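The values are calculated or read from the model by the stated rules, or taken from the named source; none is laboratory data. Computed from a predicted structure; not experimentally measured. Methodologically, a virtual Cβ is constructed for each residue, glycine included, from the backbone with ideal geometry; neighbour enumeration extends over all protein chains shown.
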Amino acid sequence: MAQELNIETVKLLVMKSRALRLGAFSEAPEQLQVVQLLRRWTREHFQLDPNAAVMVAELACAKPGCPPLETLIAFWVDEQRHRFKIFKPTGEVEQSDFPPAWLRDFLASEEPGDDECC
């Protein structure tokens, strides 16, 4: 049975996996566990179907004033994409960093460049 992840376990895993931040698609076990946790939190936080598609990616940003690494989370409700960014690397994200659940419908995004800034 898989180990239940909590924030302390995630922080420990991230400390061990700092070198894994080479790309958004790392397949290292530690990074995959963090991504799975963020996907679960997203489903719970926004009351999504347990099988809803949720994408989590860690992105590098070179724009002035932008953090060097940020987390992009996208999910789909009735074929409508919703997304938001958290200005932290994936391993540093906490549940309290998520936008309020009532904001879910306002996170809908039509165009790929809708969220150029945020």
> Which of the residues spanning the stretch 76-92 are in contact with a helix residue (DSSP H, G or I) (Cβ under 6 Å, 6 or more places away or on another chain) and either among the hydrophobic types (A, V, I, L, M, F, W, C) or at pLDDT below 90 (or both)?
Replying inline: F84, I86
> Name the strands (runs of 3 or more DSSP E) wholly within the stretch 52-113 that hold at least 1 residues that are in contact with a Lys or Arg (Cβ under 9 Å, 6 or more places away or on another chain), among the aliphatic types (A, V, I, L, M) and surrounded by fewer than 17 Cβ atoms within 10 Å (Cβ to Cβ)?
Replying inline: 54-60, 69-77
>> Here are the criteria: (1) modelled with pLDDT under 85; (2) in contact with a Lys or Arg (Cβ under 7 Å, 6 or more places away or on another chain). Tell me which single one E8 does not satisfy.
In response: (2)
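Out of all the residues in the stretch 12-29, is one or more β-branched (V, I, T) and modelled with pLDDT of 75 or more?
Keep residues of the stretch 12-29 that are β-branched (V, I, T), which gives 14.
Restricting the remaining residues to those that are modelled with pLDDT of 75 or more gives none.
No, the stretch 12-29 contains no residue that is β-branched (V, I, T) and modelled with pLDDT of 75 or more.
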